[in-house]
Each structure stands twice: as structure tokens, then as C-alpha cells.
């Protein structure tokens, strides 16, 4: 089974990760992994720390000449942007895990909670996701994203609009957005929020192409593909909601306009002319693009702090404030991609097995040729 663990703190000396379950003989492109890490650091409205960190993966096990051996892949990346733990936190921030965490773990303050709960941990997730993306390339599966809204300003580009999505355009944008007019307006909103001491949230759309029919299962609740993706995405710091396909718009229409009628072609087999379901039915991938959207709340740390309570005196006080992003939605998009790449990769290894890439690939090809195409 594919799984990973992360370790390390926001202001510790390094972050560490272990990925177990990648088959042997997968060639990893280290430059591609480092490119994914650099994508997580971009964005308009990021904190000064992003100028200090230059995340680079250092793989210490599980590779031989950049080819996986089947053993756990162990890696680390250094924290260059201030690796000295800071002062204790006695005035917890609304919207953060400070208070709940210090109470649960019986800590003197919120510092140790911040250190582990920080979104700095997502650098490990992006590295894991980048390894999984290398794995998915072997099966011609791609995971892409674009920002659709920040500060209430929406992009005109959407999977369900009449406009073609150009993910290369999103990649070139400092906000990972395809709509130039919206980008300009959002940058102005971020400038205003910076002056006023606020933070901003937004929404992301993810499109996964090339996923075959049959990942996930209806057999048990914890094997449903959409359920697994939802858990993975909602585990990301700041992500508060997720929807598949047309999502909330299902509440605005009738049943006959909600579903994707089934067609058949002797060359490509079963297919749909629409994709309102977002590529998953009954907890199982149906062969269409997997489409979902996720929403990130504003960063809890405010430059003009909200009211809180001093846990020592129990008197009203302003919440703790430290260097933080004004807007991290484009970075969150990269993390969401990574977690979805991990879930899809896990389901492929679960379904097709194989200790080597040759075995996994042969099982995958046999399934497509003998099960799907011959139905």
C-alpha cells in the first residue's frame, strides 16, 4: 500500500518525509520534483519567508541512480528561513489550532502547536505529490489546477464554461489564474489587504485527466474514491470545503439536467457527452476527467490581530501575530494537486499491484485491453 509520513517543524532545522509503496524501477526526475517545490513558493501576497526558502529535495534512501528500488524513499529539505524556535504563544489566534492544540496536548502555550500545524509542512506533501506525478506519467495521467476566485473576484475560466482551459497560462501567472483581467483586480485587492492588515482566501479548481474506469469502490465507505480525495484535500491547512463536478449547483437544477447520459463507441467504448459528476460515480472513477473545487479560508494570522484571551492571566488581549502570508491560494493549489496525485497513485497501486514498474504497467495494460475495451 502506498503511504507517506512527514516530520519536522516550521522553525526546525529541516523537514523530513518517507514514501513507501512506490514500485521498483521508476525513474525519478529530481528537477521536476524541485520544480513542484518552487511552484509552492510562488504567488502574489506571500510572506518574506518565501524569498528566503529555496526548497530542494535531498533523497537519502530508496533510489539507485535516480531509479526507485522498491524500498521506502526517505528525503529531507532544509529550513533556511530562520530555524530558531521563537517565543512562546500565550494569546491564541482565532481560526488557528493554537488553543485547541495546547489544551489537547497540555502545552504551556501555542508555540509547539504552531510549529507542527504550520503550512510549512506542506512542502513535504508537495515533494510526495511530485514523486507520485512521476509515477502517474507512466500511465498518462496528469493533475492540473487553476485559481478560480480570490477575495470574491472570479476568473471567467471554469471547466464547465464554454472557454477552453489553458493550464500553461495558469502556470505562467503569479496567481495561477487564467483570466488576466481578474488577475489584475486580485493583485489590487491583495495590495489593499496588505495595507489594511487583512488576509484573503479563495477557490481552486483541479482537473485530473487520463484516469481509467475503476479506481475506488462502492463496496465499503472508506474505499470510495471521492471520499478518499475529500479527506486528503480537507487535511490541507486552510482548506474548508470541497465539491465534485458541478457541486453546489446540483441544488439549482432538476434530476434530468443533473446527470451524464451514457453513450458507446466501438473505438473508445463507453463515454459521456457531459461530466457534471466530475468523473466519479458510486465512489468509482468512470473514465471521464476528475473535476473538483476546493476553497481556502484566509490565513488566521492577522497583521491587525483579532481579540483573544491571554491564557496566563485569562484577560482579554490581542491575538498573537507573526510573519505570515496575505494570500496563499496559488500555493494551496499546488498542495491540492499533490494530495490528489497521491490518492490516485495509491488507488493504482492498490488495484494493479506490482513490485516493479514493469509488473504494474503490464497489469494496467491488461486491464484496459481485456476488461474495459472488450466490454
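Compactness ratio of segment 250-292: Cα Rg over 2.2 N^0.38 Å, N = residue count?
The reported ratio for this selection is 1.22.
Any idea what angle helix 357-367 forms with the longest principal axis of the chain, computed on alpha-carbon atoms, 0 to 90 degrees, nearest 10?
The two axes meet at around 50 degrees.
For segment 309-375, what Kirkwood radius comes out of the mean inverse Cα-Cα distance, in Å?
Hydrodynamic radius (Kirkwood, Cα pairs) of segment 309-375 is 16.7 Å.
What angle do you read, to the nearest 10 degrees and between 0 and 90, between the alpha-carbon axis of helix 329-352 and the longest principal axis of the chain?
40 degrees
For Cα Rg over 2.2 N^0.38 Å, one of [x] 0.96; [y] 1.04; [z] 1.22 was computed from the structure I shared and the rest are decoys. Which label?
Computed from these coordinates, Cα Rg over 2.2 N^0.38 Å corresponds to label [y].
Order these by the 10 Å Cβ neighbour count, fewest first: 369, 121, 337.
369, 121, 337
As a test of the formula, what do you get for the chain when each DSSP H run with n ≥ 4 contributes -39,500 (n - 2.57) and the sum is divided by the residue count, at 222 nm and rounded to the nearest 500 deg cm²/dmol?
After summing the helix terms and dividing by the residues of the chain, the value is -9000 deg cm²/dmol.
What ranking do 4, 76, 259, 342 get, fewest neighbouring Cβ atoms within 10 angstrom at the top?
Ranking 4, 76, 259, 342 by Cβ neighbours within 10 Å, fewest first, gives 259, 76, 4, 342.
Tell me, what is the percent relative contact order of the chain, built from C-alpha pairs under 8 Å that lie six or more residues apart?
23 percent
Going by C-beta contacts inside 10 Å, put 253, 69 in order with the fewest on the left.
253, 69
After finding the eigenvalues of the alpha carbon gyration tensor for segment 1-115, what semi-axes result from the square roots of 5 times each, listed largest first in whole Å?
32, 18, 12
Quick check: the angle from helix 122-137's long axis to the longest principal axis of the chain, C-alpha only, nearest 10 degrees?
10 degrees
Take every DSSP beta bridge whose two residues both sit in the chain, then give the antiparallel share in percent to the nearest 5.
In the chain, approximately 95 percent of DSSP beta bridges are antiparallel ones.
Read-outs: derived from the displayed coordinates by stated rules, not from any lab. Keep in mind that this is a model prediction, so the values were computed, not measured. Note that we place each Cβ from the backbone using ideal geometry, even for glycine, and neighbour counts take in every protein chain shown.
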